[in-house]
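The values are calculated or read from the model by the stated rules, or taken from the named source; none is laboratory data. What you see is a predicted model, and the numbers here were worked out from it, not measured in a lab. Here the Cβ positions follow ideal geometry from the backbone for every residue, glycine too, while neighbour counts run over all protein chains shown.
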């Protein structure tokens, strides 16, 4: 078991406080209500101080030589937000109920991305528990929680967190998060956490004041890169890798989704990502723990399998390519980054069959080649979706597709990706046709707020609508409030019908597609276009799974092959009507 180097060590009658500051000659420990105490320098920039009688609930901070008081960078909880003191937490005090839970194999995963603050009216870990029966009954098997590392203010997407070990205090206390994970496990649901190891947010990160957390050797969209390979990088690497282990071990998360790994720069002999994957898997033991990446570069090397078909590093990647082709098919929009995926129906087949559309080819929007070969990877190396937080939030109004597109189109797209051998992911509320927008929102000080307002317009200026005068203010509380799901919508006949539709599809997936995936590796899938329709075939040993998707307004010739397992749209007289989809199985 990994011994953590960062954060307090809680013992029966005392607590050892530790602080890493190679840039400081002296450091003092400040326990709330007591006078500062000199910490003992140990080695390599570390300071230590053991306090008898300090236990769970003790609030503390560190005092630097220049008089700046800072929280613990590995704080387990920040009761008064990121600028306040830290609190000692006894994670062993929580009494787990689902103690025998070992997780789920990869082929069973059906993800549901959720933002804790916007998932319910209360916006807390506890409140989310009340919705778990709904998700389990729908056929969801894995919650995908957006980042919860403590961030400044009372609302935010979570990608500007500055306290990687401390659950966001506005969502509840650490034991509330444990209770959510425990309740999910009791219902057969895995829980994944979105983690950010490529940058820190702009407000509340005190590390640069006392430690070499950044290096000018690497540049990222947020400035200097995190120091994973220069002097003192050993401690920085430990800080991040131990964080990943912490969530998986102490909170029993079933997996992690690593944000924007293409921005993690490291010239070490073993890249941080590979060391992290190796050590997390070793810590997980016999549990099913899955590691997922977001990787704009489509670097399939991170998804390679060993001779036994097991992931060498990461289990799967969010597949933006499948989103882009589905979005274009459903909306006809070809602006911005959609342009490179437009005017070629074969790209839908390629995304479904091979994962990446671009596997080394030049992309006009990016102005460079993108991707590596991916057809040899199993379909479970890709997570597919028709919406997620980014793809909705990158729109000027944060509007969902269903707010402007016919329901039948949305259903046809859903049938394509939910029954695909790739791992499907819904965005919260999709299953009942929620029309609440999901715009970007954050809560900084006014100086930073103004930078966010200006920066959003500049960053997304190539997308339509960002030059309008009436955009939602990303820093206003009402923008956050408008993103909250309205669960009363479930009482409407339309929402009930959509929910039943999704439940039926996922039932077919679990009964038929999952056993096919579990039967063994597939050969590379084949795809072709016949008029406006795309056909994709996957071989699973003696059985073959076939998709026919006519995502267009005209009918096409079509003769069903094998046993149909799901049909949407009109199929008659040897023709498939507009927006029709058929899945079938047959002997190979």
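Things to note:
- Residues of the range 321-356 that turn out to be free of Cβ contacts under 8 Å to residues at least 60 places away in the same chain and within 22 Å of residue 376 (Cα to Cα), as a count: 7
- Taking the range 141-164 as the range and being closer than 20 Å to residue 260 by Cβ and either part of a strand (DSSP E or B) or without any contact (Cβ under 8 Å) to a residue 60 or more places away in the chain (or both) as the test, the residues that pass are 144, 145, 148, 149, 150, 158, 161, 163, 164.
- Residues in the range 538-565 that are surrounded by fewer than 19 Cβ atoms within 10 Å (Cβ to Cβ), in a strand (DSSP E or B) and either free of Cβ contacts under 8 Å to residues at least 24 places away in the same chain or within 30 Å of the chain's Cα centre (by Cα) (or both): 539, 563, 564.
- Residues satisfying the stated conditions in the range 107-131, i.e. surrounded by fewer than 20 Cβ atoms within 10 Å (Cβ to Cβ) and in a helix (DSSP H, G or I): 107, 108, 126, 127, 129
- Residue within the range 280-292 that is touching a strand residue (DSSP E or B) at 6+ places or on another chain (Cβ under 9 Å), surrounded by fewer than 18 Cβ atoms within 10 Å (Cβ to Cβ) and under 16 Å from residue 355 (Cβ atoms) present: no
- Looking across the range 338-348, the residues that are in contact with a helix residue (DSSP H, G or I) (Cβ under 9 Å, 6 or more places away or on another chain) and modelled with pLDDT of 90 or more come down to 338, 340, 341, 342, 347, 348.
- Which numbered condition residue 29 fails, given (1) over 35 Å from the mean Cα position of the chain (by Cα); (2) more than 26 Å from residue 202 (Cα to Cα): (2)
- Among residues of the range 277-291 that are free of Cβ contacts under 8 Å to residues at least 24 places away in the same chain, those with a beta-carbon under 9 Å from a residue that is assigned to a strand (DSSP E or B) and crowded, with 20+ Cβ neighbours inside 10 Å at least six positions away or on a different chain give the pairs 281/291; 281/311.
- Unique residue being within 21 Å of residue 322 (Cβ to Cβ), modelled with pLDDT of 95 or more and assigned to a loop (DSSP other than H, G, I, E, B) when the list is 501, 438: 438
- Qualifying residue in the range 59-66 (condition: touching a helix residue (DSSP H, G or I) at 6+ places or on another chain (Cβ under 9 Å), closer than 21 Å to residue 203 by Cβ, modelled with pLDDT of 95 or more and surrounded by 13 or more Cβ atoms within 10 Å (Cβ to Cβ)): yes
- Some residue of the range 509-532 being in a strand (DSSP E or B), in contact with a helix residue (DSSP H, G or I) (Cβ under 6 Å, 6 or more places away or on another chain), under 18 Å from residue 579 (Cα atoms) and outside the structural domain of residue 345 (by TED's automatic domain parsing): yes
- Selection status of residue 509, crowded, with 18+ Cβ neighbours inside 10 Å and farther than 27 Å from residue 117 by Cα: yes
- Of all residues in the range 184-220 being within 20 Å of the chain's Cα centre (by Cα) and assigned to a helix (DSSP H, G or I), the one that is surrounded by the most Cβ atoms within 10 Å (Cβ to Cβ): 184
- Of note, residue 368 does not satisfy the criterion of being surrounded by fewer than 20 Cβ atoms within 10 Å (Cβ to Cβ), over 30 Å from residue 488 (Cα atoms) and touching a helix residue (DSSP H, G or I) at 6+ places or on another chain (Cβ under 7 Å).
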